[in-house]
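Only one structure is covered here, and it is reproduced in the block below.
The values are calculated or read from the model by the stated rules, or taken from the named source; none is laboratory data. Here the structure is a predicted model, which means the values were calculated and not measured. Glycine gets a Cβ as well: all are built from the backbone with ideal geometry, and neighbour counts include every protein chain shown. These accessible areas exclude ligands, DNA and RNA; they are computed on the full protein's heavy atoms, side chains included. Shrake-Rupley method; radii C 1.70, N 1.55, O 1.52, S 1.80 Å.
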Amino acid sequence: MFKEASIREPLILGDKVSYHQITEDVARSVEGKANKMWWGAFTIAFIAMLWGFGCLAYTVGTGIGAWGANKTVGWAWDITNFVWWIGIGHAGTLISAVLLLFRQRWRMGINRSAEAMTIFAVVCAAIFPVFHMGRVWVAYWTMPIPNQFGSLWVNFNSPLLWDVFAISTYFTVSVIFWYLGLIPDFAMIRDRAKVVGNKMNEMIYRILSFGWSGRVKDWVRFEEVSLVLAGLSTPLVFSVHSIVSMDFATSIVPGWHTTIFPPYFVAGAIFSGFAMVLTLVLIMRKVLSLEAYVTVKHIEYMNIIIMLTGSLVGIAYLTELFISWYSGVEYESYAFINRFSGPYWWAYWSMMTCNVVSPQLFWFKKIRTNLMATFILSLVVNTGMWFERFVIIVTSLHRDYLPSSWTMYSPTWIEVGIFVGTIGFFFTAFLTFARVFPVIAQSELKTIMKSSSKMFKNKNDNHHH
Amino acid sequence: MSLTYTISDKTKKILFAMMGIGLLAFVYAMVRGIPIQRVWANVLVNIFFFMSIGLGATFYMAKKYAAEASYAIVYKRVYEAISGYLPIGALMLVLFLIAGFLGLHHIYHWMDKDVYNPASEHYDKGIAHKAAYFNPLFFWGRILVFFGLFIFAQRTLRQRSLEEDLTGDISLYKKSITTSAWFLVIFGFTAPVIVWDVIMSVDTHWFSTMFGWYVLAGFWCTTMITIMLFSLYLKGKGHLEEMNDNHFHDLGKWVFALSVLWTYTFFCQFMLIWYANIPEEVTYFQDRLGAFGYRPLFWIMFFINLLLPLIVLMSRDAKRNATFLKIVGGILIITHWLDVFVMVMPGTVGANWRIGPMEIGMGIGFAGVFLFVVLNQLAKAPLVVQKHPFLEESKHHQI
């Protein structure tokens with residue numbers, strides 16, 4: 001059997017670790033009843049979601065004029081939120097695909113919830129451009145369908161169209177990947193329901209688990225498909241946010257047209273995605289008592305990734321700033337001067353502080369292993385990444401080439417309401433997920449029990465001494 | 001099956017012959033009256049290309065510590081040895097830059113003092129705007145500090161690794177993680193700056209925010225190819241007993257993945273500049289795709305760098321086959337060298353380029369120096385680290 005180096009810290013804690021114990025711990029949240037805390041959180045999230053639906057209905061009924069966007073600042077709150085949510089939707093597939101390819105064992109405690117989060121975030125993201133189209137009932141015109149359907153043939157030169165393809169592909173593959181991992185876990189719940197005679201659960205999870213039998217043949221196929229999907233998803237992690245960045249970078253708007261945008265957006269997306277994973281996972285491990293499986297070491301690794309991607313984003317900020325001066329292009333220089341000293345200076349400096357400065361605190365081991373500090377910083381990073389998109393979009397547009405059209409932008413309560421609604425939807429979905437799906441990929445986690453759990457590691461070490 | 005590598009007399013002869021060919025290339029250039037600008041430009045291509053491999057290996061070495069990675073430990077000495085070229089490469093680069101400041105060559109337009117002088121007929125408003133950045137004191141300050149720190153990190157990590165062989169002290173490993181962490185931060189922030197200073201500033205007016213990462217992706221890929229080829233060479237000689245198909249599979253994957261990363265940065269830079277078609281930016285690709293005649297070279301370089309690893313290294317079997325790896329690695333080394341060639345030449349000699357005996361000979365000469373340094377580094381220490389905490393994990397690495 002594979003023996004891990006003794007200096008590696010265990011990824012499964014607890015003194016009584018066994019396959020059965022893992023099953024019990026993971027199944028508890030699905031089989032048990034929700035407590036008051038859960039219902040409280042769910043109610044708030046649900047109301048926020050309904051509020052968002054109301055604002056969307058108002059937008060559709062009234063028109064895009066209900067928003068604060070104007071002729072100069074044509075993209076504002078909506079696209080900021082779109083990019084913000086899409087970015088958050090990056091960590092899941094990174095964790096499930098890229099970390100699988102890199103054979104990182106610590107992914108197994110968190111991949112399931114991160115993937116779920118990804119899917120909900122992408123749904124939230126899609127709402128914004130779809131409703132910005134105005135006539136949402138013809139949203140299918142974004143697809144290249146024949147003209148008889150009343151559409152115009154789509155413009156393949158437009159990065160907005162590439163976005164449609166990139167995001168729908170990403171969403172599809174993410175859902176399949178997520179669901180694939182869930183199959184053996186659904187089967188576990190099915191089998192447990194059968195034993196206790198819970199007919200309802202047995203039927204639901206029988207349908208969901210696609211007749212999983214747990215035979216070696218099933219597992220071989222499972223692992224092969226996982227690897228193929230990981231291979232497919234890895235370029236998708238890059239492509240989605242690269243293409244989102246091209247929505248801006250292919251234009252000739254100062255502050256938007258810069259070649260570093262694609263990789264810098266990808267780094268920023270991973271950055272914000274991990275922050276959101278932390279926000280959710282820190283609560284989840286506590287509420288569902290999963291501290292033995294999502295350990296402080298997991299949190300620490302995620303914090304290191306935040307530190308790394310935060311610094312990468314910092315490099316990109318400084319590169320842009322420097323090149324805007326170095327290039328000698330006056331429009332480009334002005335765009336950046338306006339960013340940090342113009343009327344939206346507070347957005348720029350919030351972005352810099354939250355995204356570049358605050359993650360540097362994770363250099364201290366004390367801070368990156370402190371749960372409260374991590375939780376606060378994860379919120380700070382999420383805020384910062386929202387400001388980043390606001391800075392890129394609004395401050396670049398509000399003072400364009402023609403000073404006579406310079407203007408300011410501020411959101412209406414409708415726009416804010418839609419944003420609040422997406423947050424409501426996100427948490428409603430996540431809370432539901434935490435009740436009906438196994439939140440930890442228990443079948444995968446069991447594969448590392450003997451190599452990476454504290455109990456077995458101690459046992460192994462004692463054998464050799 | 002020995003733990004120590006010694007350079008055989010035959011190998012030594014080959015290496016000296018290679019360096020001799022390099023010298024002959026200079027003589028050839030003088031005799032044939034090849035324009036001195038073209039000779040200097042070639043020197044820059046080779047100095048930067050090989051220096052960047054040494055820097056890339058240092059980066060890889062540090063990255064392994066910071067990521068707590070174990071798979072590569074059985075061939076750790078190989079990339080350690082390659083990183084040993086960094087001080088030599090950096091020294092050559094510094095000498096090259098000094099030569100520029102002394103007026104011995106005119107590779108860098110911005111080194112010419114007249115371009116900053118409004119009274120001069122050579123006054124160039126675009127470059128004069130950058131005067132603060134190219135101020136000699138600031139320029140030399142950053143070049144020396146950056147390389148100083150890089151070399152310091154490289155020496156420290158190597159020294160500790162050698163020490164660890166003798167004592168097995170775990171604190172050495174832990175200290176190396178710290179060294180690696182600060183090195184990676186410095187590297188991340190300064191490597192793009194060095195690329196701007198040494199390569200991007202050849203086309204003094206041109207700018208691209210992606211350029212630093214583009215060049216970095218390129219030399220990271222070249223570094224992995226170099227590590228792979230040296231490992232194959234040593235394996236072929238019967239060394240590195242513990243290194244097996246699984247480890248080569250990993251190296252093959254690295255080359256595959258980084259080739260795709262390189263393509264990604266190339267494509268993003270190229271596509272965005274092409275799409276926006278802004279005169280200040282698009283000149284760069286007009287030089288390379290227009291009348292100067294680089295077009296075939298440019299596209300051959302791009303498509304081989306992308307397609308060869310993509311097609312050949314896609315399969316698992318190919319990554320476990322030494323012959324495949326050698327062929328792909330050998331070709332990619334040359335095409336990545338061409339990448340640097342196409343970066344430097346249009347801004348220095350315009351249409352007056354050729355890949356003739358001088359270019360090839362000089363490339364062989366520099367390769368000789370590089371191989372000589374790296375093989376000597378290999379000969380200095382046991383070929384497998386002895387007491388690294390992840391050695392056992394690495395030996396049993398299986399994919």
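Total residues in the stretch A:362-401 satisfying the condition of being in a helix (DSSP H, G or I) and open to solvent by less than 50 Å² (accessible area, probe 1.4 Å): the figure is 24. Quick one: in the stretch A:171-196, which of the residues that are charged (D, E, K, R) and open to solvent by 10 Å² or more (accessible area, probe 1.4 Å) is farthest from A:Arg221 (Cα to Cα)? Within the stretch A:171-196, the match that is farthest from A:Arg221 (Cα to Cα) is A:Lys194.
Could you tell me which residue of the stretch A:11-23 is modelled with the lowest pLDDT, considering only residues that are more than 14 Å from chain B (Cβ to nearest Cβ) and crowded, with 17+ Cβ neighbours inside 10 Å? Spell out how you get there, then give the answer.
Within the stretch A:11-23, the subset more than 14 Å from chain B (Cβ to nearest Cβ) is A:12-23.
Remaining after also requiring crowded, with 17+ Cβ neighbours inside 10 Å: A:12-14, A:17, A:22-23.
Values: A:Ile12: 86, A:Leu13: 85, A:Gly14: 81, A:Val17: 84, A:Ile22: 87, A:Thr23: 89.
Ranking the qualifying residues of the stretch A:11-23, first place goes to A:Gly14.
Please find, within the stretch B:367-395, the residue that is nearest to the other protein chains (Cβ to nearest Cβ) out of those that are part of a loop (DSSP other than H, G, I, E, B) and basic (Lys, Arg). It comes out as B:Lys387.
From the list B:Ala81, B:Ala66, which residue is touching a residue at least 24 places away in the same chain (Cβ under 8 Å) and within 14 Å of another protein chain (Cβ to nearest Cβ)? Going through B:Ala81, B:Ala66 in turn, just one is touching a residue at least 24 places away in the same chain (Cβ under 8 Å) and within 14 Å of another protein chain (Cβ to nearest Cβ): B:Ala66. Has the stretch A:229-245 got any residue that is in a loop (DSSP other than H, G, I, E, B) and open to solvent by 30 Å² or more (accessible area, probe 1.4 Å)? Checked against the condition, which is being in a loop (DSSP other than H, G, I, E, B) and open to solvent by 30 Å² or more (accessible area, probe 1.4 Å), the stretch A:229-245 yields no hits at all. Considering the stretch B:207-239, and only residues there that are at the interface with chain A (Cβ under 9 Å from one of its Cβ atoms) and among the aromatic types (Phe, Trp, Tyr), the residue that is farthest from B:Gln377 (Cα to Cα) turns out to be B:Phe207. Regarding A:Ser327, is this residue free of Cβ contacts under 8 Å to residues at least 60 places away in the same chain and either more than 10 Å from chain B (Cβ to nearest Cβ) or buried (at least 21 other Cβ atoms within 10 Å of the Cβ) (or both)? Answer is yes for this residue.
Restricting to the stretch B:323-344, name every residue that is in contact with an Asp or Glu (Cβ under 9 Å, 6 or more places away or on another chain) and of a type in the set (A, V, I, L, M).
Looking only at the stretch B:323-344, we keep the residues that are in contact with an Asp or Glu (Cβ under 9 Å, 6 or more places away or on another chain), and these are B:324, B:341, B:343.
Residue satisfying the conditions is B:Met343 alone.
Filtering the stretch A:287-303 for residues that are outside any helix (DSSP H, G or I), surrounded by 21 or more Cβ atoms within 10 Å (Cβ to Cβ) and free of Cβ contacts under 8 Å to residues at least 60 places away in the same chain leaves an empty set.
Evaluate the following for B:Gly252: is it open to solvent by less than 10 Å² (accessible area, probe 1.4 Å), within 14 Å of chain A (Cβ to nearest Cβ) and either without any contact (Cβ under 8 Å) to a residue 24 or more places away in the chain or in contact with a strand residue (DSSP E or B) (Cβ under 8 Å, 6 or more places away or on another chain) (or both)? Taking the combined requirement at face value, the residue does not satisfy it.
So that you can scan it fast, the table gives a plain yes or no per residue for (1) touching a helix residue (DSSP H, G or I) at 6+ places or on another chain (Cβ under 7 Å); (2) not β-branched (Val, Ile, Thr):
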{"residue": "B:Leu258", "(1), (2)": "yes, yes"}
{"residue": "B:Cys268", "(1), (2)": "yes, yes"}
{"residue": "B:Ile278", "(1), (2)": "no, no"}
{"residue": "B:Thr283", "(1), (2)": "no, no"}
{"residue": "B:Gln286", "(1), (2)": "no, yes"}
{"residue": "B:Leu307", "(1), (2)": "no, yes"}
{"residue": "B:Ile331", "(1), (2)": "yes, no"}
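Among the residues of the stretch A:441-450, are any open to solvent by 50 Å² or more (accessible area, probe 1.4 Å) and modelled with pLDDT under 90? Yes, the stretch A:441-450 contains at least one residue that is open to solvent by 50 Å² or more (accessible area, probe 1.4 Å) and modelled with pLDDT under 90.
Taken over the stretch B:165-175, the criterion of being part of a helix (DSSP H, G or I) and within 13 Å of another protein chain (Cβ to nearest Cβ) is satisfied by B:Ile170, B:Ser171, B:Leu172, B:Tyr173, B:Lys174.
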